[in-house]
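The values are calculated or read from the model by the stated rules, or taken from the named source; none is laboratory data. For clarity, every value in this text was computed on a predicted model and none was experimentally measured. Note: ideal-geometry Cβ built from the backbone for every residue, glycine included; neighbour counts use all protein chains shown. Protein only, heavy atoms only, side chains kept; ligands, DNA and RNA dropped before computing areas. Shrake-Rupley method; radii C 1.70, N 1.55, O 1.52, S 1.80 Å.
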Amino acid sequence: MDFLTTINEATPLLLQGLKITVMISVMSIVIGIVIGFFSCLLGLSKYRPLRAISGVYVWIVRGTPMIVQAFIVYFGFPQLIQMLTPDFRLSAFTAGLITLSLNAGAYLSEVFRGGIAAVDKGQAEAARSLGLNSSQTMIKVVLPQAIKIAIPSMVNQFIIIVKDTSILSVIGLADLVNKAKVYVGASYQFFATYILVAVYYLVIISALMLISKYVEKKFNYERKDKY
Amino acid sequence: MREKINIKNLHKSFSKLPVLKGIDLTIHEGEVVCIIGPSGSGKSTLLRCVNKLETVTDGEIIVDGCIITDKHTNINKVRENIGMVFQSFNLFAHLTVKKNIMLAPVDLKKMTKSEAAEKAIELLKQVGLEDKADSYPHELSGGQKQRVAIARSLAMQPDIMLFDEPTSALDPEMIGEVLQVMKQLATDGMTMVVVTHEMGFARDVADRVIFMSDGMIVEEAPPAELFSNPQEPRTKEFLARVLQDLGLQV
Ligand SMILES: Nc1ncnc2c1ncn2[C@@H]1O[C@H](COP(=O)(O)OP(=O)(O)OP(=O)(O)O)[C@@H](O)[C@H]1O
Ligand SMILES: [Mg+2]
């Protein structure tokens, strides 16, 4: 069998996987941004317990491998909940989405925090000296600049999320890698199949990078000056 | 004249390090006070205590009748009446010049958008930069940035202006244009507290010059008196050094 035949045969199956990979990536990026934003705000709070919540969350996610988190969410929690409601089930997709979103949230929380910390302190002081309160200062002055600073690291994080979906194939998520494994199991066309899978990932991630270049341009109100 | 700023026995420490050691100072309406003194003597800290950018350790500050050292005072309301100009300009980097000026009056509901836009243009004319309304801060020279920063403060129609070394970050040829704007403000009757190394400005514009050293006010007098006949040895020494530096520069 030659390369082209493999491509022809494998493509329908791989496209199904691709759809799942794209769906779970996009959804966990969106959810992760929301979680990350709130976690970051908690982390900046003047109340210690709120800061602690954010700190512990980020600490746990960063300190454990995602594959273990996925096992806990997919196998562990259902077992716990089944003690109360015996027929509780969690699909691989839902479990994967929860794991990936929590992961994305923690890392994005750090990215946002870094962005905010990188905004010159004088910006907030100037806003406060005009009479703006702390939330007006945050929303009108600090965040717009922090987001611009954070875009490159955000994009980096998005790329990691897309790639990390592949880890979730171990809990049975029917993603690109999983479908490829199924096809390879029947056809033994390792080389052609996995090259094809790699190309698919390259396409998704290149698209992501193109979009981010566009967004970055929109935010580019200055080039090098500090003030 | 009414008292605008009243500072009583002000102490400020940064985690054990005492920086202000008992400052008493009263500033009246329309007065222009220049603060001079060696680096690290606490000039910036004193100025920043007046609008509570620093929280004081001990003592009392009353601005326009509001006890700002009392934690029940709404400091944001008080700050609306105190403009502050920083050494590093601190223009909002993501906004055009016009939007820099409009932000606070609109957000704090002091003006509608169109009123604020009109006011912004008027202020830009006043500082000679009406053609820069749609530029971003990074497109301006240092002197232009500082003039915009002054306009931005004035948009809130404050009756006190604080300046922290407004010309120290500027190339020499740009200092004049900023001092000119400040001179005009003084002439118009603004109450001003200016930390500066510009002895010429202090001599020409100030009603009173305050010499600070090591967290204390060492000496205060009208400029003619302080510059020509300083009483305290530390003042004499500082003035001699500064004037000598000026001499060497020329
Ligand atoms: N946020 C801070 N934390 C700790 N120490 C500080 C802080 N701000 C100022 N200081 C210290 O307080 C002292 C007075 O500083 P301040 O900036 O008020 O001096 P200054 O008279 O304005 O000096 P300069 O002429 O250099 O601006 C210095 O020793 C400085 O190191
Ligand atoms: Mg200073």
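Step through the table entries B:Lys99/B:Lys183; A:Lys163/B:Lys99; B:Lys16/B:Lys110; B:Lys16/B:Lys109; A:Lys213/B:Lys110; B:Lys71/B:Lys236, compare each Cα-Cα distance with 32 Å, and write down the pairs that go over it.
Correct reply: A:Lys163/B:Lys99; B:Lys16/B:Lys110; B:Lys16/B:Lys109; A:Lys213/B:Lys110; B:Lys71/B:Lys236.
How would B:Met174, B:Met1, A:Met23 rank on accessible area, largest to smallest, probe 1.4 Å? The partial results should precede the final answer.
Details: B:Met174 40, B:Met1 180, A:Met23 80 Å².
The ordering from most to least exposed comes out as B:Met1, A:Met23, B:Met174.
With the other protein chains left in place, how much accessible area per residue, in square angstrom, belongs to chain B at a 1.4 angstrom probe? Mind dumping the intermediate values first?
On the way: 10930 Å² over 250 residues.
So chain B comes to 44 Å² accessible per residue, rounded to a whole number.
Round to the nearest 10 and give me the degree value, 0 to 90, for the angle of helix B:233-249's Cα axis relative to the longest principal axis of chain B.
Computed tilt is about 50 degrees.
Over the Cα atoms of segment A:3-226, compute the convex hull volume and normalise it per residue, giving Å³.
Normalising the Cα hull of segment A:3-226 by residue number yields 152 Å³.
Between A:Ile53 and A:Phe77, what is the label-point separation in nm under the 7 Å Cα-to-beta-carbon projection?
1.7 nm
Can you sort A:Ile139, B:Ile175 by solvent-accessible area, 1.4 Å probe, largest first? Show your work: numbers first, answer last.
Numbers: A:Ile139 105, B:Ile175 30 Å².
Solvent-accessible surface, decreasing: A:Ile139, B:Ile175.
Within chain A, which whole H helices from DSSP have a Cα span along their axis of at least 24 Å and a mean Kyte-Doolittle hydropathy of 0.0 or more, if any?
Within chain A the helices that satisfy the rule are A:3-44, A:92-117, A:143-164, A:190-218.
Could you work out the helix-only [θ] at 222 nm for chain B, with each DSSP H run of four or more residues adding -39,500 (n - 2.57) and the total divided by the number of residues, to the nearest 500 deg cm²/dmol?
One gets -11500 deg cm²/dmol as the mean residue ellipticity at 222 nm.
If I model a spin label at B:Asp131 and A:Ala198 as a point 7 Å from the Cα along the Cα→Cβ vector, what separation in nanometres do I get?
5.8 nm
Full-extension gain between B:Asp204 and B:Lys110, please, as 0.36 nm times their residue separation minus the C-alpha to C-alpha distance.
30.4 nm
Just to verify a number: FRET efficiency for B:Thr187 and B:Lys16, C-beta to C-beta distance, R0 = 51 Å, to 0.05?
Using R0 = 51 Å, I get an efficiency of 0.70.
Give, as a single signed number, the net charge of other residues whose beta carbon lies under 13 Å from the beta carbon of A:Trp59, with Lys and Arg counted +1 and Asp and Glu -1.
+1
Quick check: at a probe of 1.4 Å, how many percent of the accessible area of the protein assembly as shown sits on carbon and sulfur atoms?
On the way: 13960 of 23380 Å².
Summing carbon and sulfur atoms, their accessible area is 60 percent of the total for the protein assembly as shown.
Straight-line reach from B:Lys98: which aspartates and glutamates fall under 18 Å, measuring Cα to Cα and dropping same-chain residues less than 8 apart?
Of all the aspartates and glutamates, those that pass the test against B:Lys98 - Cα under 18 Å, at least 8 places apart if same chain - are A:Glu222, B:Asp107, B:Glu115, B:Glu118, B:Glu122, B:Glu130, B:Asp131, B:Asp134, B:Glu139.
With r as the distance between the Cβ atoms of A:Lys163 and A:Tyr214 and R0 = 25 Å, compute the FRET efficiency 1/(1 + (r/R0)^6) and round to 0.05.
Working from the Cβ atoms, E equals 0.70.
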